[in-house]
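The values are calculated or read from the model by the stated rules, or taken from the named source; none is laboratory data. Keep in mind it's a predicted model, so treat the numbers as computed, not measured. Don't worry about glycine lacking a Cβ; one is built from the backbone with ideal geometry, like all the others, and counts go over all protein chains shown.
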Amino acid sequence: MNKLHEKPCALITGATSGIGAAFANRLAQDGFDLILHGRKQKELTERAKILEESYHTKVEIILAELSQTEEIKKVEERIKSLDRLDMLINNAGYWEPGYLWERSPESLEAMIMVHSVAPIKFIRAALPHMLEQKSGDIINVSSIGAYLNMATTENYGASKAYLINLTESLHVSLMGTGIRVQALIPGFTVTNFHSRLGADFTKEQKKWLQPEDVVDKSLRGLEKAQVLCIPGFKRRLIVKLFKALPRRLFYKMMHAIGEKSKKKWDEIQKS
Ligand SMILES: NC(=O)c1ccc[n+]([C@@H]2O[C@H](COP(=O)([O-])OP(=O)(O)OC[C@H]3O[C@@H](n4cnc5c(N)ncnc54)[C@H](OP(=O)(O)O)[C@@H]3O)[C@@H](O)[C@H]2O)c1
C-alpha cells in the first residue's frame, strides 16, 4: 500500500465473509482504502480485486491466524507501520458448540486470543496514530451472547463481554480526544458464522438480520456517538427484558435455552 495515504484508511479483521465483508464493501463505497484481514487468501484476493475495480480504492490483504501470538504480531506490526489509520474494526470471531468442560484447554485459550487478546493488541497499536491525528474510529464486534449467559456459551460469551467492557472504558478514557469507540453487539445475522459448523439454518434465517443492515446500524450509531450498538429493535428489547428478570429466573431460562441448543448442535454433528 502507498505510504502516503490521501484517502482515509480502515483495517478490518475477519473480512473474508459476513459482517467483516459487509464493512469492507460499505467502507470502500464510502471512499476508504482498506486493509482486509482473514485467513483465506483466495477469497480475500477476489474481494480485494472487486472492490478495487468497483470503487477505485486501494486494498491490501493480510493473512493471520489470530489464535497465534506470532500471527497477531504480524497484524500489530503492520498497524504500527501505517502512515495513517482512520478506522479499526475488530470483527474476526467464531463460535464452538459445547460445554466448557467438553472443550480442550487449548481451544478455550484460542478463542480468548481471537476475541480478546488480538483486539486489545490492535487497539494498542492503532491508538498512537489516532491520538496524533486527533481522530479515528474503533469498532469492536461483540455479540448479544455477551449478555445472555446461555449454557454452553461460557467462553464465547465471556470473551465477547470483555469487548463490551473494554469499549466502554476506552470511551471514558478517550473523551475529548476525537476518537470514537463502539461495541457492535449483533444477534443472529446471516453469515458463515453458523454454516461453517455444518448447520443449515435456512428456515430460521428468514428472521435474522442481513450483515449489510448490521453494518449500516453500526455506522449510523457511530455518527451519533453510540457506544453500545445492538442492531434491531427486537434484539434490544430481548436484552432489556432478560436483564430485568430476577437473576434466578434468568439462570434457569439460560440453562433451558442452552440445553435445547446443545441438543440441536449434537444432532447436526451426528448427521
Ligand atoms: N452471525 C451471527 O449470528 C453473529 C452474532 C453475534 C456476533 N457475531 C460476531 O460477528 C463477527 C463476525 O462474524 P460473522 O457472523 O460475519 O461470521 P463469518 O462469516 O464466519 O466471519 C468470521 C470472520 O472471522 C474470521 N476468523 C474466524 N476465526 C478466526 C481466527 N481464528 N483467526 C483469524 N480470523 C478468524 C474468518 O476468517 P476466514 O473465513 O478467512 O477463516 C472470517 O473472516 C464475529 O466476531 C462473531 O462473533 C456474529
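Pairs linking a residue in segment 144-160 that is touching a residue at least 12 places away in the same chain (Cβ under 8 Å) to a residue that is of a type in the set (Phe, Trp, Tyr) and within 11 Å of the ligand (Cβ to nearest atom), with Cβ atoms under 7 Å and 6 or more positions apart or on different chains, are GLY145/TYR156; TYR156/TRP95. On the stretch given as segment 177-207, residues that are in a helix (DSSP H, G or I) and either more than 10 Å from the ligand (Cβ to nearest atom) or at pLDDT 95 or above (or both) total 3. Kindly check whether there is at least one residue in segment 93-104 that is part of a strand (DSSP E or B), on the phi > 0 side of the Ramachandran plot and either away from the ligand (no atom under 16 Å from the Cβ) or not hydrophobic (A, V, I, L, M, F, W, C) (or both). No, every residue in segment 93-104 fails to be part of a strand (DSSP E or B), on the phi > 0 side of the Ramachandran plot and either away from the ligand (no atom under 16 Å from the Cβ) or not hydrophobic (A, V, I, L, M, F, W, C) (or both).
From the list LEU88, LEU63, which one is in contact (Cβ under 8 Å) with a residue 24 or more places away in the chain, over 25 Å from GLY187 (Cα atoms) and not polar (S, T, N, Q)?
LEU63
In this structure, is LEU163 more than 15 Å from the ligand (Cβ to nearest atom), in a helix (DSSP H, G or I) and in contact with a strand residue (DSSP E or B) (Cβ under 7 Å, 6 or more places away or on another chain)? No; evaluated as a whole, the condition is false for this residue. Scanning segment 167-176 turns up at least one residue that is assigned to a helix (DSSP H, G or I) and within 15 Å of the ligand (Cβ to nearest atom). Scanning segment 130-150 for residues that are surrounded by 19 or more Cβ atoms within 10 Å (Cβ to Cβ) and either out of contact with any helix residue (DSSP H, G or I) (no Cβ under 8 Å at 6 or more places or on another chain) or aliphatic (A, V, I, L, M) (or both) yields MET130, ILE138, ILE139, VAL141, ILE144, ALA146, LEU148, MET150. One residue stands out in segment 231-244 among those that are among the basic types (Lys, Arg) and surrounded by fewer than 16 Cβ atoms within 10 Å (Cβ to Cβ): the one that is modelled with the lowest pLDDT, namely LYS243. Looking only at segment 208-230, residues that are surrounded by 12 or more Cβ atoms within 10 Å (Cβ to Cβ), in contact (Cβ under 8 Å) with a residue 12 or more places away in the chain and either assigned to a loop (DSSP other than H, G, I, E, B) or more than 9 Å from the ligand (Cβ to nearest atom) (or both) come to 16 in all.
HIS115 meets each of the listed conditions (1) away from the ligand (no atom under 13 Å from the Cβ); (2) assigned to a helix (DSSP H, G or I); (3) surrounded by 17 or more Cβ atoms within 10 Å (Cβ to Cβ) apart from (1). Checked against (1) among the polar types (S, T, N, Q); (2) closer than 13 Å to LEU228 by Cα; (3) crowded, with 17+ Cβ neighbours inside 10 Å, ASN165 passes all but a single condition, namely (3).
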